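Just below is one structure, and these are the notes that go with it.
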Amino acid sequence: MARMKFLCDAERCIECNACVTACKNEHEVPWGVNRRRVVTMNDGVPGERSMSVACMHCSDAPCMAVCPVDCFYKTEDGVVLHDKDLCIGCGYCFYACPFGAPQFPQSGAFGMRGKMDKCTFCAGGPEKDTSEEEFAKYGRNRLAEGKLPVCAEMCSTKALLGGDGDVLADIYRERVLVRGKGSEVWGWGTAYGKPDKPAGDPQS
Amino acid sequence: MRAALFATALAALLAGCGETPQHYQYQEGRYAGKPDTPPWNHDRFEHSREQWHEQIKTRNWKQSEYTRIRGGG
């Protein structure tokens, strides 16, 4: 069984925003809603790093935990989806999400908050697969077409990887071994600090 | 009477502390989460999960240029 995940290689991301554009185009996402965005750390400083961020389809998703109407569900492949027919647009999921993934379209004279919209891992929603209704609410269902998310598949530098977490880990491991660096960006040392340096120190 | 009221109020208050179960729900070996057609349940994959998974896996590995150079994936 696949466990669908995204992985963004900060050593490769060139902040071209093509993933953002591809997502908006593929799903015809409304104005003001960005299911994916590119975040740059230390922008303009030599050594800046960029990462493409969207819903990370968490294994223990806080949005699912806080939703008062229980509109979220997780597929067998680990994709976190939601039912827009149940969503009341309360915004709890937005506050709970550490990645700012849930988006709310604003419409009407007073900018009323609509139903939540987020990355679906190109897996649509509860409507009939690849139907017009599903496309109108959630965008294209590429997984049902045997394809991976468009953001990852069209990434020019293959910084953004999407798919089965086990395969992504193997691909990333090979990259780190070939280029001889990069493992320090992830993992235990970065998260918890090294024995001689405190956690969170960017020089460590 | 007062104790019953207190117990009801306490139960209502504590209900907010609960979390929705997030594990995949299986009953009799089958996925029993919210109804949604699985991505492999289509004619193009002959309703075979293995066939769908094989295609996803192939595309997955093609994201690695090392695999493509070696001719795999």
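The values are calculated or read from the model by the stated rules, or taken from the named source; none is laboratory data. Small disclaimer: the values here were computed from a predicted structure and weren't measured. Here Cβ is always computed from backbone atoms with ideal geometry, including for glycine, and neighbour counts include all displayed protein chains. Side chains included, ligands, DNA and RNA excluded: accessible areas come from the protein's heavy atoms. Shrake-Rupley method; radii C 1.70, N 1.55, O 1.52, S 1.80 Å.
Report the local net charge at A:F135: Lys and Arg +1, Asp and Glu -1, summed over other residues whose C-beta lies under 9 Å from its C-beta.
Details: positive: A:K137, A:R140; negative: A:E28, A:E127, A:E132, A:E133, A:E134.
Computed value for this residue: -3.
Accessible area per residue (1.4 Å probe, heavy atoms of protein chains only) ranks B:F6, A:F121, A:F104 as B:F6, A:F104, A:F121, with the largest value leading.
Rg and Dmax over the alpha-carbon atoms of region A:1-93 stand at 15.6, 47 Å. Taken as Cα centroids, region A:137-164 and region A:1-46 sit 12 Å apart, rounded to the nearest whole angstrom. Taking Cβ atoms as reference points and 13 Å as the exclusive limit, the residues near A:G78 contribute a net charge of -2, counting Lys and Arg as +1 and Asp and Glu as -1.
Add +1 for every Lys or Arg and -1 for every Asp or Glu among the other residues with Cβ under 12 Å from the Cβ of A:R3, and state the total. The answer is -2. In order along region A:154-169, the phi-based Karplus estimate (6.51 cos²θ - 1.76 cosθ + 1.60, θ = phi - 60°) of 3J(HN,Hα) comes to 9, 4, 5, 9, 6, 6, 8, 10, x, x, 4, x, 5, 5, 4, 4 Hz; Gly and Pro are listed as x. Over chain A, all Cα pairs binned in 10 Å intervals from 0 give whole-percent P(r) values of 8, 31, 36, 18, 6, 0, listed from short to long. Across the cross-link table entries A:K118/A:K158; A:K137/B:K62; A:K158/B:K34; A:K24/A:K115, which are compared at the Cα atoms, the separations over 24 Å belong to A:K137/B:K62; A:K158/B:K34.
Divide the volume of the convex hull of the Cα atoms of region A:2-41 by its number of residues and quote the answer in cubic angstrom per residue. Walk me through the intermediate numbers first.
Details: hull volume 4.2 nm³, N = 40.
In region A:2-41, the Cα hull volume divided by residue count equals 104 Å³.
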